[in-house]
Structure formats: C-alpha cells, structure tokens
Amino acid sequence: MGLLADWQATYDLLPLPEMMGLPRNDRFNHIVVYNDDSGANICLFETADGSSSESLSVTGPARVSVEGWQVVPGVARLSVLYGDGEEMTRLLIWVDDPHMYPVYGIDADGPVARYDDYRVGAIAVDVEVFDSKEEWKKTQTPISMKDSPVKRMDDDVPDEVYIGPRFVASPWLFALYSGEAGPEDASPIGMLKAVCNEVAIVTNRLTGMQWYKVNADCGFPITLGLPIDTTPAPHPGSVVDGKAFLTGTTGFWLADYEDPYA
C-alpha cells in the first residue's frame, strides 16, 4: 500500500495530532486512524486494559454484506453473506474500526454486528500474478472428483475441478476452532485467488510511494493492494494467487459513511 518496509519509519511520518479519533471510553483509551487518499488506512488503538495494537486496511469501491464479531480487538471473524443473507464464507480480517464490533472470542454468545455496505480488502504478502486465467490454470493441480460422493450423486460434476481462480480462505480459523491456537494468536493472513477487474496506480500521500490498487473478484468484490514493482504488472484479466492480509472496514472514518443503526 505504498508504506515503508520499516514500521517505525512509517509511524514517524504519521501526523498524529491531525488524525481522526475517538474520545476515551469504557472499551478504549484511544483510537486514532490515518486515512490516506489512496485508500491505505492505518489504525492505532489502546484498549481499556492498556493493550496497544495497530491494524491496516485497504478501501475501494468493493461492497459486500457481512456479519460477525471480533475475536480480539482489531481482528474480526466475519461471515460474508449472499444477497439472501446466507453465509458465503468466513474470514479473519484486520479492521480499522474496532469500536464497531463486539468482542466475544472464538464463539459469539450475544448479538453480532451486521453491515450491508462493507468494504473487504487484501494486502499482498506473497503472491504471484498470472497474465490470464489460462496461464494460471497451467500451473495448478486439479482435484480428482471421479470417486467422490458428489460425483456419485451427480454425474454432471466434472471429473476434475480447480480451486480458484476466485477463492479466499482464512487458515487461522481452523487453528482457532481446533484448539491449536487461541484468540490472541488469530492472524488475518489468508489464502487469496482473485481475478483483476480494474487496475489503477495510486500514490500513498504519507510516503509518496506508488502502489497498485485493484478492484478484484475472489468470489465477491474485494479491493487488493499490490506493490508497484509487481511483475508481471497486473491488468484486467490477470489472476493473483498467494497469501495476503485480509482487511475490512465499515467505512466509519470515510466521508460517505452512513450509520445503519441511525
């Protein structure tokens, strides 16, 4: 997202007195957000018990419906929903507005947050870009369905299927629910396979560095941030495959935010 590799160097550039924030309350000692024109957001917060943390988010035109809660402040377990309200997939994501979701841990035991104009993003960590779906498919190993129960029930199911090129998953969810990790270990890093629809080069105002801002499809609309030195350069029709930090925001800090509970 055009940020410096050194977190402290990035932090030193933040215009702290000018950043948006919320007054101290019973959940947070402070929350402040740097909202960059390019769509790269940085959230710094300290909970009422004195625990400090930060999160990143990337925002663009992509919108989905979601519901969920935080497993720890700053990391939410969200369900992306179909138009009829049914669950499409579950994700662990960084959020830049931790005051907008309850905190329950692994399982919710009360009301959850619901938003119908939500912005899901992804920040590339270790990805490969392919010029087309055909080029991507050449590198993939299909899954055989010949002896699967699904094939036996429906002969129209193809003998081989591929995962992607539109797919997203949060492996850390499995670790949480299996007991191999606790909420404090939850990571927003996920597996991402997405087809690029629109690609723009934008500039991070904080650092002056450029990055690729991509409107992509991973099974639902998502805004993807890629380094400016990505090779081959992404373009409409490219496939991005690899690891990425998954992010989300209600848009609370943005000018076009409308409170659904107002």
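The values are calculated or read from the model by the stated rules, or taken from the named source; none is laboratory data. Source: prediction; values computed, not measured. Neighbour counts run over all protein chains shown; Cβ positions are idealised from the backbone, glycine included. Just so you know, the surface numbers come from the protein's heavy atoms only, side chains and all, with ligands and any DNA or RNA stripped out. Shrake-Rupley method; radii C 1.70, N 1.55, O 1.52, S 1.80 Å.
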Query - Hull shadow area, averaged, the stretch 5-126 [alpha-carbon convex hull, nm²] - result: 8.9 nm²
Report summary line: Under 5 Å from the placed amide H of residue 88, counting only residues 5+ away or on other chains, we find 80, 81, 82
Report task. Work the Kirkwood hydrodynamic radius out for the stretch 180-262: mean of 1/r over every pair of different alpha-carbon atoms, inverted, in Å. Result -> 14.9 Å
Report task. Choose one of 52, 92, 32: the residue whose Cα lies farthest towards the positive end of the charge dipole of the chain (beta-carbon charges +1 Lys, Arg; -1 Asp, Glu; about the Cα centre). Result -> 92
Report summary line: Quick calc: nm separation of the 7 Å Cα→Cβ label points for residue 87 and residue 9 -> 4.2 nm
Query raised in the report: Considering only DSSP states other than H, G, I, E and B, which trypsin sites (Lys or Arg not before Pro) in the stretch 32-137 qualify as loop sites with at most 16 other Cβ atoms within 10 Å?
Result: 63
Report task. Quote to one decimal, in nm, the extra length available between residue 107 and residue 180 on full extension: 0.36 nm per residue of separation minus the C-alpha distance between them. Result -> 24.8 nm
**Report entry** Intensity falloff of the chain expressed as log10 I(q)/I(0), Debye formula with alpha-carbon point scatterers, at q = 0.08 Å⁻¹
**Finding:** -0.34
**Report entry** Size of charge dipole - the chain - debye, nearest 20, with Cβ of Lys, Arg +1 and Asp, Glu -1, no other charges
**Finding:** 280 debye
Query - Part-to-part distance (alpha-carbon centres) for the stretch 30-50 and the stretch 58-125, which is given in Å - result: 17 Å
Report summary line: Share of accessible surface on carbon and sulfur in the chain, whole %, 1.4 Å probe and ligands ignored, is 51 percent
Query raised in the report: Taking Cα pairs under 8 Å and at least six residues apart, what relative contact order does the stretch 1-48 come out at, in percent?
Result: 28 percent
Query - Inter-site label distance for residue 116 and residue 54 at 7 Å from Cα along Cβ, in nm - result: 3.7 nm
Query raised in the report: What number of lysine-lysine pairs in the chain show an alpha-carbon separation below 27 angstrom, given a sequence spacing of 8 or more or placement on distinct chains?
Result: 20
